[in-house]
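Shown next, in structure tokens, is the structure this report addresses.
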Amino acid sequence: MNTSRSRMDIVEAGWREVHADGRVRPELLDAAYSEPRLRQLFPWTGMGELHFSRCTSPRWTWDIPYIAPAVGGGYLVLGPRRDETVGPAATPAQAVAMVVERLPSSCGSAFVGTPEELAAYERLTFDQ
């Protein structure tokens, strides 16, 4: 069931988990969490990268740019696909702003479920 309370609890638990796992620079996590449009998405990490998903269950969605640490400092905003580059950012705030500018138009609070369940829900909701 995709209820508001369970969605908020699951997303918040995801943010606590990425803070605890230590793979992403704390200042980047703080900047991303302080942005309301990113805070409502499900965060996940990989290779020091901070990713955002429109659903709460793996395989997660890959339609939002993500932020990677840059060699020598700063950040690189990539994606949403692995072969796409948005550009460099000197600060966490700049990187977060670059992601927010590129959020999908249908982006809202994370959906409780898998990418396939999200797609089915969106077909029922938006294709009518």
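Read-outs throughout are calculated quantities, based only on the coordinates presented, and are distinct from any laboratory measurement. Everything numeric here is computed off the predicted structure, so don't read it as measured data. When we count neighbours, we look across all protein chains shown, and the Cβ atoms used for this are built from the backbone with ideal geometry, even at glycine.
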* Structure fact -> Length gained, residue 70-residue 39, 0.36 nm per residue minus C-alpha separation, equals 8.9 nm
* How much length, in nm to one decimal, is gained on full extension between residue 23 and residue 81, taken as 0.36 nm per residue of separation minus their Cα-Cα distance? -> 18.8 nm
* Structure fact -> Unit-weight point scatterers at every alpha-carbon of the chain, Debye formula, q = 0.19 1/Å: log10 I(q)/I(0) is -1.03
* From the phi of every residue in the stretch 36-48, what ³J(HN,Hα) in whole Hz does the Karplus formula 6.51 cos²θ - 1.76 cosθ + 1.60 yield, where θ is phi - 60° and glycine or proline is x? -> x, 6, 8, 4, 7, 8, 8, x, 8, 10, x, 6, x
* Are there chymotrypsin sites (Phe, Trp or Tyr not before Pro) in the stretch 20-77 that DSSP marks as loop and that have at most 16 other Cβ atoms within 10 Å, and which are they? -> 62
* Taking the stretch 45-95 as the region of interest, what is the percent of Cα-Cα pairs per 5 angstrom bin, listed from the shortest bin to the one with the maximum distance? -> 5, 22, 30, 24, 12, 6, 1
* Rel. contact order, % - alpha carbon contacts under 8 angstrom, at least six apart, the chain -> 25 percent
* Asked: In square nanometres, what is one fourth of the surface area of the convex hull spanned by the alpha carbons of the stretch 72-113?
  -> 4.1 nm²
* Asked: So, how do all the Cα-to-Cα distances of the stretch 22-61 break down into 5 Å bins, in percent, from 0 on up?
  -> 6, 24, 32, 24, 12, 0
* Using a 10 angstrom cutoff on alpha carbons, build the Gaussian network for the chain and name the most mobile of 57, 105, 34. => 105
